[in-house]
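So the structure is just underneath, and the comments pick up after that.
The values are calculated or read from the model by the stated rules, or taken from the named source; none is laboratory data. In this text the structure is predicted, and so the values were computed from the model without any measurement. Methodologically, a virtual Cβ is constructed for each residue, glycine included, from the backbone with ideal geometry; neighbour enumeration extends over all protein chains shown.
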Amino acid sequence: MARSNEGSSILKDVVAYVDVWSSSKTENISKPFIDELKEMGAEVSKTFKKHVTHVVFKDGHQSTWNKARKIGAKLVSVLWVDRCKEEAKLVDEELFPGQNDEANRLIKKRTHRCMQPKDSAEKTPENNIRMKKKLDKMIKDLAPQYPLFPDVSPYIIDQENGIVYSPSLKRSDSMARRLKEMREKRDSPSPPASQEVEAASSSPAVKPCFGFSPTILKLLGGGSQQTVAAGRAGNTSADEASRMKMEQSKATRTLVTTSMSTDTQKTVTEVVKLLGGFSVVDLVCETTTHVVSGGQRRTLNVLLGIARGCWVLSFEWMLRSLEQRRWLPEEPYELSESFPAAPICRLQQHLSAGEHQQDLFHLQPAIFVSQQSQPPPDSLVELIQLCGGTVCKTVRQAGLCVGPYSGRRPEGCRNLSEQWVLDCITQLKPLSYENYNLE
């Protein structure tokens, strides 16, 4: 046992035992997590003792799981370690329970490499018929329970509310009711107006919510790209026409990352490469359906995602999807608390026919955007227009001037901070000018 005397002491009361293996159970990869625990002040036990308080478990020994249950130690996943490090505190263990596949007969019978005879030949699907049959069954079991890209049913338009509903789907009625409820709640407190917006190309890298190394990718992916690819192939619909329609839908979908370091962006790219269905691009555009954030900062891509009705999700969605070898339902990972406008705009987009446009700035006077504005003027113009505003090229035609401007303005033309535009979109309602005057 050893205790680190350096770094943080946020886990100073934790006595941990780590049993983390690759998905194939042939490689012990506990060391990175042991090091992280020690950095946070935890005591890490090399053997399982009665004073152990936490067991970090992934594809480990069944005996470890049983002992932890017996003494009442908290069984947690590797995600718990990274979340503690990210938030610099002891997070709720129940949010990140340890995973044990004891109910899966095939996985339960796998033997750890450390328990195999040293002179035994390694079995592979190529040289072992029974293993090949098991692998084929596991691939079949990995088939998604949900369609990756649901079809869109015919719509009728509700002229009064300007929203489109699908009478053939009960889900649409449910979504319409939820949209109404969310609109009623949008006056609830929103994130502070002082949150920064990253520039489209010049922002520094932000520390990701989960800073996983290639080791964690290997842990989650199991090192078998062929298995994942085969799993996707096995899910192909028998109906060729439906399959072609799904492929066309996939080809037009793009995914954008934000508030992530370069290493975490590479992780996202690898996950998308394995699971398919998206292209990864730098900026939100008309083909973007998902914005994945490594934190809860209000960035330009987040605001563009809100305005276009995209999913705004945490990075954990990528990791959980990778664990399950399929894209999971997005809603549990939506950043709706930080960005309450996101689910409202997303549902509006889903319930609309064709290209949907917000009406947030529809009743505002013509807006002129200063060339000295931050975010860059082109980005502000795009946000305003996506939200139904009218943008003019000269200040002479404007009723509102956004951003620093020292020249002459028409009588009655207000000069507002760029923050007014950003806060209006965040709260999805036009805000009073009074707190944003630059005059």
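Would it be correct to say that Phe339 is touching a helix residue (DSSP H, G or I) at 6+ places or on another chain (Cβ under 8 Å) and in the same structural domain as Ile306 (by TED's automatic domain parsing)?
yes
Does segment 419-439 contain any residue that is buried (at least 16 other Cβ atoms within 10 Å of the Cβ), over 25 Å from Leu335 (Cβ atoms), among the hydroxyl-bearing types (Ser, Thr, Tyr) and touching a residue at least 40 places away in the same chain (Cβ under 8 Å)?
No.
Would you mind listing the helices (runs of 4 or more DSSP H) fully within segment 34-144 where at least 3 residues are farther than 22 Å from Arg326 by Cβ and modelled with pLDDT of 55 or more?
62-71, 78-87, 129-141
For Asp359, work out the one condition from (1) at pLDDT below 90; (2) in contact with a helix residue (DSSP H, G or I) (Cβ under 9 Å, 6 or more places away or on another chain); (3) surrounded by fewer than 21 Cβ atoms within 10 Å (Cβ to Cβ) it doesn't fulfil.
Only one criterion in (1) at pLDDT below 90; (2) in contact with a helix residue (DSSP H, G or I) (Cβ under 9 Å, 6 or more places away or on another chain); (3) surrounded by fewer than 21 Cβ atoms within 10 Å (Cβ to Cβ) is unmet by Asp359, namely (2).
Looking only at segment 9-22, count every residue that is touching a helix residue (DSSP H, G or I) at 6+ places or on another chain (Cβ under 7 Å) and at pLDDT below 90 and tell me the total.
Total satisfying the criteria: 3.
Give segment 12-54 a look and list any residue that's closer than 16 Å to Leu75 by Cβ and polar (S, T, N, Q), or say none.
Hits for segment 12-54 are Ser30, Ser45, Thr53.
Given the structure, is Cys345 surrounded by 21 or more Cβ atoms within 10 Å (Cβ to Cβ), at pLDDT below 95 and more than 21 Å from Ser417 (Cα to Cα)?
When the stated conditions are applied, Cys345 passes them.
Any chance segment 224-244 includes a residue that's crowded, with 16+ Cβ neighbours inside 10 Å and modelled with pLDDT of 50 or more?
No, segment 224-244 contains no residue that is crowded, with 16+ Cβ neighbours inside 10 Å and modelled with pLDDT of 50 or more.
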